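Here's the structure we're looking at; comments come further down.
Rule-based calculations on the coordinates, nothing more; no lab input. This is a predicted model, so every value here is computed, not measured. For neighbour counting, all protein chains shown are included, and Cβ atoms are generated from backbone atoms with ideal geometry for every residue, glycine included.
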């Protein structure tokens with residue numbers, strides 16, 4: 001029983017930390033928007049907003065927990081559906097356009113007083129829960145892996161704890177008048193904030209579109225977004241009516257240029273040459289006493305792409321893989337596959353990103369359930385190869 005509570009607390013903490021991972025970044029604009037809308041409201045309305053945000057998050061994690069417990073589905077299975085990705089990308093792109101153009105987003109009043117309040121907090125909580133499901137973060141992967149071996153009630157508890165943790169920081173902010181009092185009222189500065197956050201939503205939508213279309217189409221969309229941000233920043237730098245109103249466009253322009261430079265450098269760096277996973281190749285590697293690195297990834301997994309463009313492109317990692325004689329293999333979970341889902345479970349994974357290191361005799365030496373650093377994977381590669 002004590003282990004269940006420990007894992008439940010770990011799941012709650014992991015839910016809180018999910019807010020810091022790239023996967024949940026797309027929903028940040030809507031969370032900020034929902035909070036700003038309640039900045040100067042009374043305690044009762046702020047409490048309802050916090051309750052709506054929490055309810056929206058749990059409305060996603062409760063059915064996911066039940067499905068996982070009863071049907072044995074994997075974390076993030078929704079994103080293996082092309083139809084789901086199309087709808088989600090369309091919502092993010094539409095929301096981004098509306099925010100960039102400063103068009104009010106009105107949603108059906110289903111969470112607050114009948115016909116008189118917006119349901120932004122509830123819908124924001126729902127979207128945050130959905131966007132959190134394709135990737136795992138600190139503590140989440142281990143808690144999910146634990147839940148796979150437990151009773152359905154424990155699995156549901158783990159999922160609800162993650163959902164509650166995901167909503168907790170924003171609920172705390174909504175219920176803290178002193179913190180909310182520091183949020184500025186509507187002004188040119190807040191308009192620029194909303195526009196900049198809108199570009200984040202657009203980038204998120206393009207990311208998911210990029211996982212569905214041919215490479216050249218995706219690159220064209222990224223170039224178009226970069227050009228739009230550049231034009232927006234120059235316009236407001238020239239026509240801004242205050243230093244504060246010019247600050248965010250300057251930051252947006254700097255961030256866009258930095259992202260372009262970082263992408264160019266990343267493409268130029270030497271990356272790991274992955275081989276598609278094969279049981280036969282794995283058996284042959286074990287016979288040769290060759291250590292193996294297996295990565296589980298998907299085109300729609302933002303955290304996976306971050307790892308692949310940073311950690312797995314770092315010279316310390318690529319050099320270690322080559323010098324120690326590792327066989328790097330990759331399992332692609334972009335599309336549904338019962339065999340690959342079973343493979344993920346076999347190695348102790350419950351979601352992605354997930355990487356596992358096998359020693360020379362094929363034994364599991366290290367597991368990485370979520371984000372990790374260059375030093376962590378390099379040290380694990382060295383110790384596993386020596387054993």
Calculated FRET efficiency for the pair residue 271/residue 94, C-beta based, R₀ 35 Å, to 0.05: 0.55
Spin-label model distance (nm) - residue 323 vs residue 213, 7 Å beyond Cα toward Cβ: 4.3 nm
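Among 31, 48, rank each residue by its count of other Cβ atoms within 10 Å, from fewest to most, as a rough exposure measure.
Ordered from fewest to most neighbouring Cβ atoms within 10 Å, 31, 48 come out as 48, 31.
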Tensor-based shape of segment 275-386 (alpha-carbon gyration tensor, a/c under 1.5 rounded, otherwise prolate or oblate): oblate
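When a footprinting reagent is the concern and you count Cβ atoms within 10 Å, what order do 329, 62 take, fewest first?
62, 329
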At R0 = 56 Å, FRET efficiency that the Cβ-Cβ distance of residue 67 and residue 224 yields, to 0.05: 0.90
Peptides 158-164, 379-385, 49-55 ordered by average Cβ neighbours within 10 Å, highest first: 158-164, 49-55, 379-385
Sorted by Cβ density within 10 Å, fewest first, the residues 318, 254, 21: 254, 318, 21
